[in-house]
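The values are calculated or read from the model by the stated rules, or taken from the named source; none is laboratory data. Here the structure is a predicted model, which is why all the values come from computation and not from measurement. For neighbour counting, all protein chains shown are included, and Cβ atoms are generated from backbone atoms with ideal geometry for every residue, glycine included. What goes into the accessible areas is simple: the full protein's heavy atoms, side chains included, and nothing from ligands, DNA or RNA. Shrake-Rupley method; radii C 1.70, N 1.55, O 1.52, S 1.80 Å.
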Amino acid sequence: MPTIKYRISSRVHNGQAEVLARFYDGEVSQRAKTRIIAPVTAWNSADGCLVIPRKTTPESVNLREIQRKLDELTDTICNAWWRDRFDVRDGWLQQVIDEFHDIKPVNAPKTLLDVYEEYAPARNLDEATKRQYEVLFSALGRCFGKRTLYVDNISVQDIETFVSFFRCEKTKDGIINRSQNTITGKLKRWRALQHFAVVRGYAETSPFLRYSIPVEVYGTPIFLTIEERNQLYAFDELSPAQKVQRDIFIFQCHVGCRVSDLIGLTKENVTPDGFLQYIPKKQRRRMPITVRVPLSAIAQEIISRYASIDSTRLLPFIHPNNYNEAIHEVAKLAGLDRIVMVQNRLTMLPEYHPLYEVTTSHTARKTFIEAMFRETKSERITSAFTGHADGSRAFSRYTDVDDDMKKEILGHLEK
């Protein structure tokens, strides 16, 4: 059981002195100032409390009020101990007392959540990124329980504990296995917060300087051939709702934007000279370039088809998850069943699936990139259409020179 003892300070001023507190339970022993002043002559050193006369006088009323505060403080400290007993740091007792008096701490240690609340507006995070951080904090909460994560006290071992927990998380419904790419994504966001804490002076160093985050591993990008793209657009045995999502997917195949940009497109993104013009969300903070893509005849046809549905939005887009489900359905119905090899992100082993099973919104962007690069043989021209940053590792995966391109280039040289 925790023990709290009070004594009067030896520093006396006008017959009064501050009450000092000592807390101990097991190996935990801390001292702190209570911020409560009491008359020295009324203090009982043996019992650690005030001696209050029975007769009601202004002095006895004042003593009762002081003792009442000490009793309330005792209850507060005990409650805080049961809450924090597995994560008690130096200065914990003084922090609890200051919170009792509603005293704002000076240079108090910052939690990871405190840092995020500064980081989000400072970096102008969009809603999708904020949701990713919510997922991270939810996972950290499940991993560390009631422990408070202070940015100046997070270790490499804490990171390793989280990775071990998150990779094979045990739930009431079974074990959730997560890929290395998923784990790497979470660690990168955590690392960004730790770096921000160092920049702001909340931590001397980041544990990620001593922890190497594994790089994401991706297989060869899967895309639709031009013939498959046209086959899907020509397939008409679909419900009206399926046709809408099919058209949006085909539009994305013709302009190559990310789904995060596709969602936000409005009629104002189409210029009078027939271009789709936008600033990619992913690059707005680092490289806010304007991407201009000339609209093909099919892209313009699709825009015209839905021009009257919404006064502002370019296309009647639905939720990204529903969009991906619709893409699977229409691709299957249209007979896009070419067998492709993909890498299992959990086992890292190759697997074989029909094309419709692995076709997603990002497949449209890959289809555009592959077709553009195959036609131009130029990374610079292709990236001008897609908004990729210079040196992008993701972009380099889309621009591999295959055997057909080698033969075509060699054929031009022989002429």
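Taking all protein chains into account, the per residue accessible area for segment 162-261 stands at 49 Å² (1.4 Å probe). Within the listed set Ile213, Ile226, Ile103, the residue fluctuating most in the Gaussian network model of the chain (springs between alpha-carbon atoms under 10 angstrom) is Ile103.
Among residues other than Leu232 whose Cβ falls under 14 Å from its Cβ, what is the net charge (Lys/Arg +1, Asp/Glu -1)? Mind dumping the intermediate values first?
Values: positive: Arg229, Lys243, Arg246, Lys332, Arg338; negative: Glu227, Glu228, Asp236, Glu237, Asp247, Glu329, Asp337.
With Lys, Arg at +1 and Asp, Glu at -1, the net is -2.
Solvent-free Debye calculation, one equal scatterer per alpha-carbon of segment 308-351: log10 I(q)/I(0) at 0.18, 0.26, 0.29 Å⁻¹ equals -0.78, -0.95, -0.96.
Taken one residue at a time, the phi angles of segment 296-306 give Karplus couplings (6.51, -1.76, 1.60, θ = phi - 60°) of 6, 4, 5, 4, 5, 4, 5, 4, 5, 4, 10 Hz. Gly and Pro are set to x.
Put a plus charge on the Cβ of each Lys and Arg, a minus charge on the Cβ of each Asp and Glu, and nothing anywhere else: the dipole of segment 16-125 about its Cα centre is then about 300 debye.
What angle do you read, to the nearest 10 degrees and between 0 and 90, between the alpha-carbon axis of helix 320-333 and the longest principal axis of the chain? Helix 320-333 and the main axis of the chain meet at about 30 degrees.
GNM on the chain, alpha-carbon springs under 10 angstrom: the most fluctuating residue among Ile175, Ile77, Ile222 is Ile175. If you line up the long axis of helix 58-84 against the longest principal axis of the chain, both from Cα atoms, how many degrees apart are they, to the nearest 10? Taking Cα atoms only, the helix is inclined about 40 degrees. With protein chains left intact and a 1.4 Å probe, residues in segment 1-142 average 63 Å² of accessible area per residue. Comparing Asp87, Asp173, Asp71 in a Gaussian network model of the chain (Cα springs below 10 Å), the most mobile by mean-square fluctuation is Asp173. When Met372, Met1, Met341 are compared by accessible surface with a 1.4 Å probe, the order from highest to lowest is Met1, Met341, Met372. When Leu315, Leu346 are compared by accessible area of protein heavy atoms, the largest-first order is Leu346, Leu315, using a 1.4 Å probe.
Taking the chain as the reference, fit the longest principal axis to its C-alpha atoms, fit the long axis of helix 112-122 to the helix C-alpha atoms, and give the angle between the two in degrees, 0 to 90, nearest 10. In the chain, helix 112-122 runs at an angle near 50 degrees to the longest axis.
Solvent-accessible area of the chain (1.4 angstrom probe, protein heavy atoms only): carbon and sulfur portion equals 51 percent.
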